[in-house]
Amino acid sequence: MPQLKIVNLVGARPQIIKASAISRAIKNNFSGTINEIIVHTGQHYDREMSQVFFEELEIHKPHFNLGVGSAKHGKQTGLMITGIEDILLSEKPDCLIIYGDTNSTLAGALAASKQHFPVIHIEAGMRSFNKTMPEELNRIISDHASTLLFAPTNAAFKNLMTEGFKPDNSPPYNIDNPKIYLTGDIMYDNTLFFSSLAEKKKINMLDKLELERDNFILVTIHRDTNTDDVERLRTILRTLLSLAGANKLTMVMPFHPRTAISLKNNLSDLYKELNNSEYIRIIPPVSYLEMTLLEKTSLMIITDSGGVQKESHFFRKPSIVLRKETEWIELVKNGTAKLADADPQKISAAFNYFLKESSGLDFPGFYGDGKTAEFILNEILLMFEKE
Ligand code: UD1
Ligand code: UDP
């Protein structure tokens with residue numbers, strides 16, 4: 001069989017991280033059989049939101065970068081569709097891989113499916129059942145434009161079946177006869193691969209930030225519902241400031257640019273107060289290895305990020321989720337993640353509970369064996385062999 005040509009589409013920070021697991025597996029196991037073309041939409045563009053991951057995770061630099069940047073949903077997605085379509089028509093790949101649920105995911109799904117290129121969706125089937133989230137619309141539409149769908153959890157697999165996907169379709173697969181798989185999570189592949197390296201390369205970071213191992217809290221906030229609703233952001237940060245002081249616990253907050261922008265523009269007094277607190281460290285976004293080290297050495301994680309919720313589980317840390325709902329429901333059912341929304345009572349109750357109970361928690365292996373990327377690539381190759 002001639003080499004399979006695959007477009008690996010990235011755009012936002014977590015997608016570059018996820019794509020690195022596929023890229024690494026291609027390099028290590030399929031270099032003679034798969035030709036990978038990396039396309040970056042440019043949705044994320046700051047050095048610390050994009051380039052740093054290419055360097056650190058040793059991914060080939062994008063063969064194409066559309067440089068779309070930030071804009072409202074319609075314009076951003078539209079520009080991406082136009083750019084991706086042009087690349088697909090000139091490169092003529094066998095298929096396109098998309099990850100997760102961002103506007104880059106949606107653009108890839110629409111551009112490819114309308115030009116009849118098979119779409120492979122990694123992290124398919126995730127649902128929050130809240131269509132006011134831009135990500136929920138992106139997920140549903142992307143799944144229904146896909147040919148191979150890799151669901152990382154039982155819940156995700158069931159969601160797909162509820163929406164009419166059949167578990168026993170036979171080849172040849174196509175958009176009208178898609179194949180759904182229950183796999184692990186490629187983010188777990190990465191955590192296993194990079195955990196020791198993070199410790200080896202980045203351990204000095206703890207001293208620099210004056211963090212004591214297993215005795216600080218890691219906080220990330222970036223969801224539009226939390227950053228663009230100033231009252232929610234104020235309530236969350238006031239609650240965290242007071243919990244940090246009352247418990248004399250340091251909180252390190254590597255903030256996404258959108259959170260930092262909202263804080264500086266809308267809550268400048270609170271921003272000053274946080275910066276003056278001996279317990280709060282607001283820092284720019286960190287690299288993947290730095291984040292891995294912070295997660296691994298923290299006591300507890302407070303986040304509204306999907307990826308960080310899971311990584312907290314990989315490192316056996318309890319997490320408080322600053323959202324009303326989550327797609328990673330197994331974590332909540334397991335009792336190691338608690339949904340606290342932006343509610344001071346819920347945040348404080350979860351915080352105090354995890355401070356007391358942290359040693360008695362159980363973290364079952366929900367997310368596969370760390371070889372999910374290889375499994376996915378094998379299945380993609382099989383699909384083309386069977387055609
Ligand atoms: C996007 C995804 C979200 C994902 C997140 C991962 C959508 C709709 N949302 O949200 O699902 O969880 O990425 O991080 O696709 N900005 C910069 N520099 C950058 C990138 C962004 O300053 O490199 C700022 C800009 O002010 C921009 C804002 O962040 O307007 C939001 O960026 P955008 O890519 O639209 O959405 P995210 O919040 O990053
Ligand atoms: N991450 C990182 N540096 C940071 C914050 C997050 O490397 O400062 C990583 C994190 O370890 C995880 C991914 O980014 O692998 C999660 O992305 P994000 O929280 O932006 O988006 P989400 O997962 O919610 O879509």
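All of the numbers you see were taken from the coordinates with simple rules; none came from a lab. These numbers come from a predicted model, not from an experiment. Every residue, glycine among them, receives a Cβ derived from its backbone with ideal geometry; neighbour counts consider all protein chains shown.
Across LYS202, LYS61, LYS333, mean-square fluctuation computed from a Gaussian network of the chain (C-alpha pairs under 10 Å connected) peaks at LYS333. Mean sequence separation of contacting Cα pairs (under 8 Å, at least six apart), scaled by the length of the chain, corresponds to a relative contact order of 15 percent. I need the shape label for the chain. Rule: rounded when a/c is under 1.5, else prolate if a/b > b/c, else oblate, with a, b, c from the alpha carbon gyration tensor. It is prolate, given that a/c is not under 1.5 and a/b is the larger ratio. When the charge dipole of the chain is built from unit charges on Cβ atoms (+1 for Lys and Arg, -1 for Asp and Glu) and taken about the Cα centre, the candidate among THR132, LEU182, PHE255 whose Cα reaches farthest toward its positive end is PHE255.
Compute and list, largest first, the equivalent-ellipsoid semi-axes of region 1-56 from the alpha carbon gyration tensor, each √(5λ) rounded to a whole angstrom.
Numbers: eigenvalues 109, 27, 10 Å².
After scaling each eigenvalue by five and taking roots: 23, 12, 7 Å.
Residues whose amide H comes within less than 5 Å of that of PHE255, counting only those at least five positions distant or on another chain, are ILE283 (H built at 1.01 Å from N in the peptide plane).
Each Lys and Arg contributes +1 and each Asp and Glu -1, all at the Cβ; summed about the Cα centre of region 212-281, the dipole is approximately 60 debye.
For region 229-384, the C-alpha radius of gyration divided by 2.2 N^0.38 Å, with N the number of residues, is 1.16. With K and R counted +1 and D and E -1, the other residues having a Cβ less than 14 Å from that of ARG316 yield a net charge of -2. Placing unit charges on each Cβ (+1 for Lys and Arg, -1 for Asp and Glu) gives region 55-199 a dipole about its Cα centre, and among ILE87, SER195, PHE64 the Cα reaching farthest toward its positive end belongs to ILE87.
Per-residue 3J(HN,Hα) values for region 329-337, derived from phi via the Karplus relation 6.51 cos²θ - 1.76 cosθ + 1.60 with θ = phi - 60°, read 5, 4, 5, 6, 4, 6, x, 9, 10 Hz in sequence order (x marks Gly and Pro).
Among the listed pairs LYS61/LYS371; LYS92/LYS371; LYS27/LYS202; LYS27/LYS61; LYS201/LYS310, give every one whose C-alpha distance is greater than 19 Å. Working shown, then result.
Values: LYS61/LYS371 24 Å; LYS92/LYS371 29 Å; LYS27/LYS202 25 Å; LYS27/LYS61 14 Å; LYS201/LYS310 23 Å.
Flagged as over cut-off: LYS61/LYS371; LYS92/LYS371; LYS27/LYS202; LYS201/LYS310.
Shown in residue order for region 274-284 are the 3J(HN,Hα) couplings computed by the Karplus curve 6.51 cos²θ - 1.76 cosθ + 1.60 at θ = phi - 60°: 5, 5, 7, 6, 6, 9, 10, 10, 8, 10, x Hz (x for Gly and Pro).
With charges only on Cβ, +1 for K and R and -1 for D and E, what is the dipole size of region 7-81 about its Cα centre, in debye, rounded to 20? Kindly include the intermediate steps, with their values, before the conclusion.
Details: 8 positive and 6 negative charges, 48 e Å.
About 220 debye.
With a cut-off of 13 Å between beta carbons, the residues surrounding HIS116 carry a summed charge of -1, where Lys and Arg count +1 and Asp and Glu -1.
To the nearest 20 debye, what charge dipole does the chain have about its Cα centre, counting +1 at the Cβ of each Lys and Arg and -1 at the Cβ of each Asp and Glu? Each step should come with its number before you reach the end.
Working: 43 positive and 48 negative charges, 103 e Å.
Value, rounded to 20: 500 debye.
Its relative contact order, with pairs defined as Cα atoms under 8 Å and 6+ residues apart, puts region 34-89 at 39 percent. Near the amide H of ASN35, within less than 5 Å, lie the amide hydrogens of LEU4, LYS5, ILE6, all on another chain or at least 5 residues away, with H placed in the peptide plane. Oblate is the label for region 43-109, because the ratio a/c of its alpha-carbon gyration tensor axes (a ≥ b ≥ c) is 1.5 or higher and a/b is not greater than b/c.
Here the 3J(HN,Hα) profile of region 10-19, calculated from phi with Karplus coefficients 6.51, -1.76 and 1.60 at θ = phi - 60°, is 10, x, 9, 2, x, 6, 5, 5, 5, 4 Hz, Gly and Pro shown as x.
Under 5 Å between amide hydrogens, built in the peptide plane, is the criterion, and for HIS60 it picks out nothing among residues at least 5 positions away or on other chains. Mean separation of Cα pairs under 8 Å and 6 or more residues apart, divided by the residue count, gives region 185-305 a relative contact order of 41 percent.
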